[in-house]
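Report on one structure; see the data block that follows.
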Amino acid sequence: MKPMIKLLMLSLPLVACGGGNNSQSNIQKEQPTNTDYSKLNASNIEPGTLRQASASELAELIKNGLRVSLRDNQSYGMMIRETAVVNTTANSKSGGNFSGTNVQVDGVDEADSVKYDGKYIYLATPVDYSSGDPVTNLKIIATNHASASTTEVSITPLDTEHWGNVSEMYLVDSAQGATPYTTGLATIRRSWDFIAFTDKVVNDVSTDGKPLVVDDADKARMASIWPYQMDNGIDITLYDVRTPTTPTKTWSLAIDGDLLGTRKIGNTLYVISSFVPHIATLDYAADTAEAKIANEKLIAQTSVEKLLPEYSINNGTPQPLNSANGCMIPATTEKTDGSLTLINITAINLATQQLVESVCVNGNAEGIYSSTNNLYLGGSDYSKWENWQSFTVVHQFALTNGGVDYSATGSVEGVLSWSAPSFRMDEYNNHLRILTTNYGETGEPDHRLSVLKKVSGRSELEVVAQLPNKNRPETIGKPREDIFGVRFNGDKAFVVTFERKDPLYVLDLANPVDPKIAGQLEIPGFSTYLHPIGDNYVFALGNETNDDGFATGVKVSLYDISNPAAPAEISKHVFGSSYSWSDALYDHRALSFLSASADQTRITLPITQYEEVKGPEYAYSRWVDTGLYQFEINGLTTNKVSLDYVGTLVSESLGVNEYPLWSGNDRGIMHDDALFYVHGPDVIASPWKKAESK
C-alpha cells in the first residue's frame, strides 16, 4: 500500500542571471510574488454542462482552490457520503429460493458487510476491541437450508493497522453458464491518517473589551501543531473463495481519496470517490508576508500531476488515476475560480482484475443513483436555502462496456435530503425523476417533483415537467411537513411527509410530462422506508407517534394502493415504546424480502425493544431485548391480504446482558424455510416461524 499523504520536497527558485557579467542592468530581478487572493472565487455547484479541461485549466482551478483555502484559513472541504438504497433480488446459485442484499434497481448490486450465495454466508465481523487491539475477520459459514443449520468453515484475519471496518463487500461470479457460481469476494475499506496544521494564535478578548493576558505557555499551546483526521484512501481486495476453507488474497487496488459509494453491474464494480488535492507543507497559519510568499511559491512550483489522485495495484508503483487533461469541469468555469474537490467514477472489472477507466469531475456529489444503463451524481447548493433559491445539479454518465462516458447535466429547484438522497432519484423509460425540497425564510419546506430527459444531440438534461404546477397546484405535503420516505416504482411514486401525522402520497407518473397526485392517506406516525410488493401493495417501516409527534414505538404497515386515488392501511404492528429502535429505519440493508410463493412474501428486520418503566419518582425507558422480527404478507392471490407478525429470533436480552453488545450489522437471510440471523460476529440458524432465544 503506497502512502496516501505525499510530502512535496520543493526548493525555492534561484535568481536567474544572464550576460556573463556583473552589471546591474544584466541581472534579472525576481518578479514580486502575488499573495493577494481577494479576487478569487470559491467555486460552488453551478447549473450547466461539463466540458473537458486542459491541463493548464485544471491546474489553475485546483491551485486557486488552495489559495482560497489559505485566504479563508481552511483545511479540507467535507463530503457527504451517500446512503445506499433498496429492492430485492433472488439468487439461484445453489437451487432453492433465498434472499440477497436489498438493492434499489434489479441488476444493480450494492455493497454490504454480509453476502450470501445460497451455499455460504460471507461475513465481515465488526471490529472487536475486547482483547485490547482491534480485531476484525472475514468469516465463511456453510449453510444447510434443509436442516436450518450452519458450519463455520474458515476465519481470515483482516488488517486493522491501516484500514477500518469492512462495511462493503461484493461477490464475484464465474459469469459462465446458465448458473454462475461464486469464485471471489471483494472487500472495500476506507483508510484514515492524520495530517497536521499549525493553528493561528488568536488574541482573545474578554467581555469588557480588554485583551486577555496570554502567557508564553498558552501561546506555545495555541500555536502548536494540531492533528486533523482525514479519510485518504480506499482499499479494494479480492479473495479467491473457490475453496472456502482456505480463501486466498489474489489482488488489491489502492485509490487515493474518500469513498462515497459503490455499485456493481455484472462483475464490473463502479467506485465513486472524492479527492481533495493538497500540499502537505503549506502553512495555513501564515500571517507574515514572508510566510505567505513561501506558500505561494510552493503552490506555483507544484505540478498539476502532483495534485491528482493516484492508484496502485498489489502495493506496486503509484500510477495516475487521471491524466492532467482528463477531468471534466463546469463549462462556466472562469480563471478566477478555485475548487479543490475531484470526484472520480472508477470502473473495475473484478473478474479480470483490471482497472478499466476512471472519469474525473470537478465538483461535489451528495446522492448517487444507478440504473443498469446510467449512473447519476447529484449535488445540492444549500447556500441560498433561506430565500428559496437553492438548486440541485445532476450529472448523467453512460455505463458502457468500455467504462464510463459523460452524457449530460441538468438542474432543478430545491435540494436533496441529508437522509438517503439516492431514494429521491429514479430513471424510468429514459426519464429521470427527482424529488427536491426548498426551504423558505422561516424554514418551511416546499417539495417539488421534476422530470428530466436528455436532449437529443446535446449534453443537457431538460426539465420536461414539474409538480406542483399551475394546472396541478396541490402541494406534496401539508404546511411544515418534511419528507421522511420516498420510493419510486415504475409509473408511480410514494412519498411520506410528516410533522405530527403521516400523509402517504401516491403520485401518478404514467405520463412523464403530466405527473399528478393520484391520492393520499393521513394516519398517525411516519415511515422512513417504503417497499413495493407487486403493483398493488406497499410495505412501510417507521415509527408510531403520539399526538405531539413523538415516536412511541417501531411500526410496520402494509398499504393497499390498488386504487391510487384511495390508498388504505390494511395492517399494522407496533413494537416497544419510546427509544425502541431498528437499524432498518435508516439502513435498508437490514431488511430482507423473499417471495416464498405467489401468495406469500416474507420479511425480516431487526428491532431493539425498550419498555417504559414507572418508578416511584419518575418513568424511564429500559432495554428489553434485540432480535430479528419475522413477518409474512399473505393472501396476495386473494382479496384477503394481510401483514402478519410470525415470530422473533432473540439475540440478546436483559438478564443475560445489561445492554446490547452488538448493533449495526444485523441481517436476516431466508432460504426456503430456513432463517439465518447475522448478529455481530455470529450467525443464529432457525426454521422459519420458530422463535428462539440465544
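The values are calculated or read from the model by the stated rules, or taken from the named source; none is laboratory data. None of these values were measured; they are calculated from a predicted model. So basically every Cβ, Gly included, is an ideal-geometry build from the backbone, and we count neighbours across all protein chains shown.
Where strands (runs of 3 or more DSSP E) sit wholly within region 579-669, those with at least 1 residues that are of a type in the set (D, E, K, R) and free of Cβ contacts under 8 Å to residues at least 12 places away in the same chain occupy 600-614. Please work out if residue 283 is exposed (fewer than 12 other Cβ atoms within 10 Å of the Cβ) and modelled with pLDDT under 90. No; evaluated as a whole, the condition is false for this residue. The single condition among (1) surrounded by fewer than 22 Cβ atoms within 10 Å (Cβ to Cβ); (2) touching an Asp or Glu at 6+ places or on another chain (Cβ under 6 Å) that residue 586 does not meet is (2).
Within region 228-268, which residues are aliphatic (A, V, I, L, M) and either within 21 Å of residue 359 (Cβ to Cβ) or modelled with pLDDT of 95 or more (or both)?
234, 236, 238, 241, 253, 254, 255, 259, 260, 265
Quick check on residue 485: is it more than 26 Å from the chain's Cα centre (by Cα), modelled with pLDDT under 95 and under 30 Å from residue 622 (Cα atoms)? In short, no. If you go through region 117-125 one residue at a time, do you hit one that is surrounded by fewer than 17 Cβ atoms within 10 Å (Cβ to Cβ), part of a loop (DSSP other than H, G, I, E, B) and not assigned by TED's automatic domain parsing to the domain that holds residue 682? No, region 117-125 has no match at all.
All conditions but one from (1) modelled with pLDDT of 95 or more; (2) surrounded by fewer than 24 Cβ atoms within 10 Å (Cβ to Cβ) apply to residue 630; the one that does not is (2). Of the set (1) part of a strand (DSSP E or B); (2) at pLDDT 90 or above, all apply to residue 438 but (2). Take the residues in region 395-420 that are out of contact with any Phe, Trp or Tyr (no Cβ under 9 Å at 6 or more places or on another chain) and surrounded by fewer than 18 Cβ atoms within 10 Å (Cβ to Cβ), then tell me which one is farthest from residue 328 (Cα to Cα). So, considering only residues that are out of contact with any Phe, Trp or Tyr (no Cβ under 9 Å at 6 or more places or on another chain) and surrounded by fewer than 18 Cβ atoms within 10 Å (Cβ to Cβ), the one farthest from residue 328 (Cα to Cα) is 418. Looking at (1) touching a Ser or Thr at 6+ places or on another chain (Cβ under 7 Å); (2) modelled with pLDDT of 95 or more, which is the one condition that is false for residue 411? That leaves (2) as the condition not met.
Residues in region 418-460 that are in contact (Cβ under 8 Å) with a residue 60 or more places away in the chain, touching a Ser or Thr at 6+ places or on another chain (Cβ under 7 Å) and within 21 Å of residue 474 (Cβ to Cβ): 424 only.
Highlighted here are the strands (runs of 3 or more DSSP E) found entirely within region 349-396 that include at least 2 residues which are modelled with pLDDT under 90: 374-381.
At least 1 residues being farther than 23 Å from residue 429 by Cα and not basic (Lys, Arg) is the threshold, and among the strands (runs of 3 or more DSSP E) wholly inside region 458-568 those reaching it are 482-489, 492-498, 501-508, 516-524, 526-533, 537-545, 551-560.
Tally the residues that are among the hydroxyl-bearing types (Ser, Thr, Tyr), within 17 Å of residue 676 (Cα to Cα) and modelled with pLDDT under 95, restricting the search to region 575-594.
Pass one, region 575-594, residues among the hydroxyl-bearing types (Ser, Thr, Tyr): 577-580, 582, 586, 592.
Now narrow it down to the ones that are within 17 Å of residue 676 (Cα to Cα): 592.
Checking the rest, the ones that are also modelled with pLDDT under 95 come to none.
Total meeting the criteria: 0.
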